[in-house]
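**Student:** Got a structure here, written out as structure tokens. Questions coming.
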Amino acid sequence: MAKFTKESQPKSRPARGKSERTKILEAMARNTKTEEEFYNLLVVRSFDNSDNFAFKELLTRLSPVPKSVAPLVEFDFPKDEKPHIQAARVLEAVSEGIIPSDIGAMFIQSIKTMLSIEEHTELTERVEKIENNFIIMPVSTANTGGR
């Protein structure tokens, strides 16, 4: 296994390179354009249908559309109860309009995933306990009755 020491580091690392935004801004600067001038040109060109693609692409790279996120929701969630009671509370909150149905589905899927993780963890621990408490015979002697 490799050790993370000073001696095991690469001799040279290639530069990461410039981001797309930096490349665009540098290209604009070479053409004596500022961001402000670009936006002014964008507004003027937005009324011209002949070259909308290039300007839309540049605008997207300069100012990306933020990713949508789930809304924050608050409701009475019984965190110390059994999973089926938690899931029932989520369904109740959905039916009462307290939380959106897609968020409710996400909650229930999360509960299901946690149960799966707990089950896997418990089974692994039980198998390890069994293995530690018993000496397992090698296959060759087990088939011959220990002879």
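**Student:** Hey, any hits in region 43-57 for a residue that's touching a Lys or Arg at 6+ places or on another chain (Cβ under 6 Å), in contact (Cβ under 8 Å) with a residue 12 or more places away in the chain and assigned to a helix (DSSP H, G or I)? Walk me through how you get there before you give the answer.
**Tutor:** Our first condition is that a residue be touching a Lys or Arg at 6+ places or on another chain (Cβ under 6 Å); within region 43-57, this holds for 55.
Pick out the ones that are also in contact (Cβ under 8 Å) with a residue 12 or more places away in the chain and you get 55.
From the residues that got through so far, the ones that are assigned to a helix (DSSP H, G or I) too are 55.
The answer is yes, given that some residue of region 43-57 is touching a Lys or Arg at 6+ places or on another chain (Cβ under 6 Å), in contact (Cβ under 8 Å) with a residue 12 or more places away in the chain and assigned to a helix (DSSP H, G or I).
**Student:** Could you figure out which of (1) outside the structural domain of His84 (by TED's automatic domain parsing); (2) at pLDDT 95 or above; (3) of a type outside the set (Ser, Thr, Tyr) isn't true of Arg147?
**Tutor:** Arg147 satisfies every listed condition except (2).
**Student:** Here is a follow-up. Would you be able to say whether some residue in region 33-42 is outside the structural domain of Leu115 (by TED's automatic domain parsing), more than 23 Å from Leu115 (Cα to Cα) and exposed (fewer than 11 other Cβ atoms within 10 Å of the Cβ)?
**Tutor:** Residues of region 33-42 outside the structural domain of Leu115 (by TED's automatic domain parsing): 33-42.
Subset that is more than 23 Å from Leu115 (Cα to Cα): 33-42.
Narrowing the set further to residues that are exposed (fewer than 11 other Cβ atoms within 10 Å of the Cβ) leaves 36.
Checking region 33-42: at least one residue is outside the structural domain of Leu115 (by TED's automatic domain parsing), more than 23 Å from Leu115 (Cα to Cα) and exposed (fewer than 11 other Cβ atoms within 10 Å of the Cβ).
**Student:** Taking region 85-101, which residues are surrounded by 10 or more Cβ atoms within 10 Å (Cβ to Cβ) and either out of contact with any Pro (no Cβ under 8 Å at 6 or more places or on another chain) or touching a residue at least 40 places away in the same chain (Cβ under 8 Å) (or both)?
**Tutor:** Ala87, Ala88, Val90, Leu91, Glu92, Ala93, Ser95, Ile98, Ile99, Ser101 - these are the residues of region 85-101 that are surrounded by 10 or more Cβ atoms within 10 Å (Cβ to Cβ) and either out of contact with any Pro (no Cβ under 8 Å at 6 or more places or on another chain) or touching a residue at least 40 places away in the same chain (Cβ under 8 Å) (or both).
**Student:** For region 71-84, give me the residue count where each residue is assigned to a helix (DSSP H, G or I) and touching a residue at least 12 places away in the same chain (Cβ under 8 Å).
**Tutor:** Looking only at region 71-84, we keep the residues that are assigned to a helix (DSSP H, G or I), and these are 83-84.
Filter once more, keeping what is touching a residue at least 12 places away in the same chain (Cβ under 8 Å): 83.
Result for region 71-84: 1.
**Student:** Given the options Ala29, Ala54, Ala70, name the one that is surrounded by fewer than 12 Cβ atoms within 10 Å (Cβ to Cβ) and modelled with pLDDT under 80. Lay out the reasoning, then the answer.
**Tutor:** Values: Ala29 fails: modelled with pLDDT under 80; Ala70 fails: modelled with pLDDT under 80.
From the options Ala29, Ala54, Ala70, the qualifying one is Ala54.
**Student:** Asn132 - would you say it is loosely packed, with under 11 Cβ neighbours inside 10 Å and either part of a helix (DSSP H, G or I) or modelled with pLDDT under 85 (or both)? It would help to see each step written out before you state the result.
**Tutor:** Details: loosely packed, with under 11 Cβ neighbours inside 10 Å: yes; either part of a helix (DSSP H, G or I) or modelled with pLDDT under 85 (or both): yes.
Yes; evaluated as a whole, the condition is true for this residue.
The values are calculated or read from the model by the stated rules, or taken from the named source; none is laboratory data. Keep in mind that this is a model prediction, so the values were computed, not measured. Using ideal geometry, Cβ is built from the backbone for each residue, glycine included, and neighbour counts are taken over all protein chains shown.
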